[in-house]
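Since every read-out is calculated from the coordinates, none of them should be taken as a lab result. All figures in this text were calculated on a predicted structure; none of them were measured in a lab. Every residue, glycine among them, receives a Cβ derived from its backbone with ideal geometry; neighbour counts consider all protein chains shown.
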Amino acid sequence: MTAAYDPNNIFAKILRGEIPSHKICEDDESFAFMDIMPRGPGHSLVIPKKPARNILDVDPTSLAAVMRTVQKVGRAAMKAFDAQGLTVQQFNEVEGGQVVFHLHFHVMPRFAGIALKPPAGPMESPEVLAENAARIKAALEKS
Ligand code: 5GP
């Protein structure tokens, strides 16, 4: 059995606007924004608006909505960064590699011969994150 959802996790605070983020897009059920410690150019996160700790407790309707956004943002990010591939990653519980306990999908454009940087690397500058969010947004608007 999974632990209870903690409404004070960092992504819940981002959703409530209590801490800033570089938003790409949102709809009634999902929210997409840039990862602050990107493992590569254009690394973003897609989360449900409805509280869910991870894939083990998420409501299936909410999960379906999040996956639609993952696909949309993934396609746009590949175009925006001229990527050849896309990695989507999702972790559950500490033992599964999860650090932030609000369900999230990593959406990472991939490039020939370039490995992902290790997780928890340096924080990206707000200027670069804003520029990268704008690039993905522009690609979304064209799609
Ligand atoms: P995970 O739980 O999937 O292992 O990792 C959480 C992810 O959230 C990491 O990739 C980390 O860089 C990202 N992250 C942690 N804190 C923040 C934050 O305050 N803002 C944003 N945008 N991303 C964060």
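About its Cα centre, what dipole magnitude does the chain give when the only charges are +1 on Lys and Arg Cβ and -1 on Asp and Glu Cβ, stated in debye to the nearest 20? Before the final figure, lay out the partial values.
Details: 16 positive and 16 negative charges, 82 e Å.
Value, rounded to 20: 400 debye.
Among 32-42, 91-101, 130-140, what's the highest-first ranking by average C-beta atoms within 10 angstrom per residue?
Final packing ranking: 32-42, 130-140, 91-101.
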### Query
Gain in length, ILE36 to THR61, computed as 0.36 nm per residue apart minus the alpha-carbon separation, to one decimal in nm?
6.2 nm
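Would you mind giving the average projected area, over all directions, of the Cα convex hull of region 10-142 in nm² with one decimal? Can you show the working numbers first?
Working: hull surface 31.0 nm².
Projected area, direction-averaged: 7.8 nm².
If the limit is 27 Å between Cα atoms, which of LYS49/LYS142; LYS50/LYS117; LYS117/LYS142 go over it? Working shown, then result.
On the way: LYS49/LYS142 25 Å; LYS50/LYS117 30 Å; LYS117/LYS142 29 Å.
Where the Cα-Cα span goes over 27 Å, the pairs concerned are LYS50/LYS117; LYS117/LYS142.
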### Query
Projected onto the charge dipole of the chain (+1 at Lys/Arg Cβ, -1 at Asp/Glu Cβ, origin at the Cα centre), which of ALA65, PRO122, PRO41 gives the Cα projection farthest towards the positive end?
PRO41
